[in-house]
Amino acid sequence: MIRGRKINLRTIKEQDLDTLIYFKNKFEEKGDFWPVDLCSEINFKHKFKENGLLDDNSGTMVITDKNENIVGTISYFPGIWYLTGYEIGYEIYRQGDRGNGYMTEALTLFSAYLFDIKPIKRLEIEISKGNYASRRVVEKCGYQHEGTKRKAVFCKGLYNDLEIFSLLKEECLGLKETIEKLNLL
């Protein structure tokens with residue numbers, strides 16, 4: 001477990017699966033920029049049984065508050081096959097948990113963790129244009145805007161542009177230093 005000031009990051013436990021499936025299928029909490037596709041309980045649980053949703057090439061961790069309530073997830077996965085590094089995706093499930101700094105802290109910790117354990121030079125995040133809350137999160141975490149992919153994603157009946165942000169290893173503190181810095185705030 002990675003312990004922050006406001007949140008903890010940990011691997012997914014079997015007892016988390018029903019909660020995660022519930023939130024992945026709760027459309028009214030999805031927000032304007034997250035697809036509303038359904039999550040198959042059978043497929044999700046099968047993937048968990050294969051590797052706990054964490055392997056050498058991709059992984060998902062849960063974000064919990066300090067009372068161990070699940071507030072969201074954060075994942076890494078290969079982006080375009082010829083690029084080095086990983087793409088990161090994240091989600092805070094409940095509307096009431098957004099805007100509390102949970103994702104900023106989770107992304108800061110997760111980025112430092114990935115750079116510490118993987119031989120990578122960069123991390124990348126793609127955000128739907130107009131998702132100002134997510135843009136503020138990545139910018140607070142030191143990610144730099146690199147450009148825009150026009151009409152790159154289909155969501156809720158519309159094609160939307162994606163803004164690309166990246167963080168290089170040399171721009172990120174190590175995990176130990178990141179935890180120390182967060183605990184001093």
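Can you name the number of the only condition in (1) within 26 Å of L158 (Cα to Cα); (2) touching a helix residue (DSSP H, G or I) at 6+ places or on another chain (Cβ under 8 Å) that F115 fails?
Answer for F115: the failing condition is (1).
To keep it simple, each residue is scored yes or no on (1) in contact with a Ser or Thr (Cβ under 8 Å, 6 or more places away or on another chain); (2) farther than 25 Å from L158 by Cα; (3) surrounded by 14 or more Cβ atoms within 10 Å (Cβ to Cβ).
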| site | (1), (2), (3) |
| --- | --- |
| N25 | no, no, yes |
| D37 | no, no, no |
| K49 | no, yes, no |
| D56 | no, yes, no |
| N69 | no, yes, no |
| Y82 | no, yes, no |
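Residues that are among the hydrophobic types (A, V, I, L, M, F, W, C) and more than 21 Å from E171 (Cα to Cα), at least 3 per element: which strands (runs of 3 or more DSSP E) completely within segment 39-140 meet that?
By residue number, 59-65.
Among the residues of segment 57-72, which ones are in contact (Cβ under 8 Å) with a residue 12 or more places away in the chain, of a type in the set (S, T, N, Q) and under 17 Å from K13 (Cβ atoms)?
Scanning segment 57-72 gives T60, T64.
Consider only pairs whose beta carbons are under 7 Å apart and that are at least six residues apart or on different chains; among these, list those whose first residue lies in segment 73-89 and is touching a residue at least 12 places away in the same chain (Cβ under 8 Å) and whose second residue is of a type in the set (K, R) and outside any strand (DSSP E or B).
Qualifying pairs under 7 Å: T84/K121; G85/K121.
Taking the stated definitions as given, is T64 among the hydroxyl-bearing types (S, T, Y) and either surrounded by fewer than 16 Cβ atoms within 10 Å (Cβ to Cβ) or in contact with a helix residue (DSSP H, G or I) (Cβ under 8 Å, 6 or more places away or on another chain) (or both)?
For T64, the condition - among the hydroxyl-bearing types (S, T, Y) and either surrounded by fewer than 16 Cβ atoms within 10 Å (Cβ to Cβ) or in contact with a helix residue (DSSP H, G or I) (Cβ under 8 Å, 6 or more places away or on another chain) (or both) - is not met.
Identify the residue in segment 132-185 that is among the basic types (K, R) and exposed (fewer than 15 other Cβ atoms within 10 Å of the Cβ) and, among all such residues, is modelled with the lowest pLDDT.
K156
The values are calculated or read from the model by the stated rules, or taken from the named source; none is laboratory data. Remember, predicted model here, so these are calculated numbers, not experimental data. Positions of Cβ are generated from backbone atoms using ideal geometry, with glycine treated the same way; all protein chains shown enter the neighbour counts.
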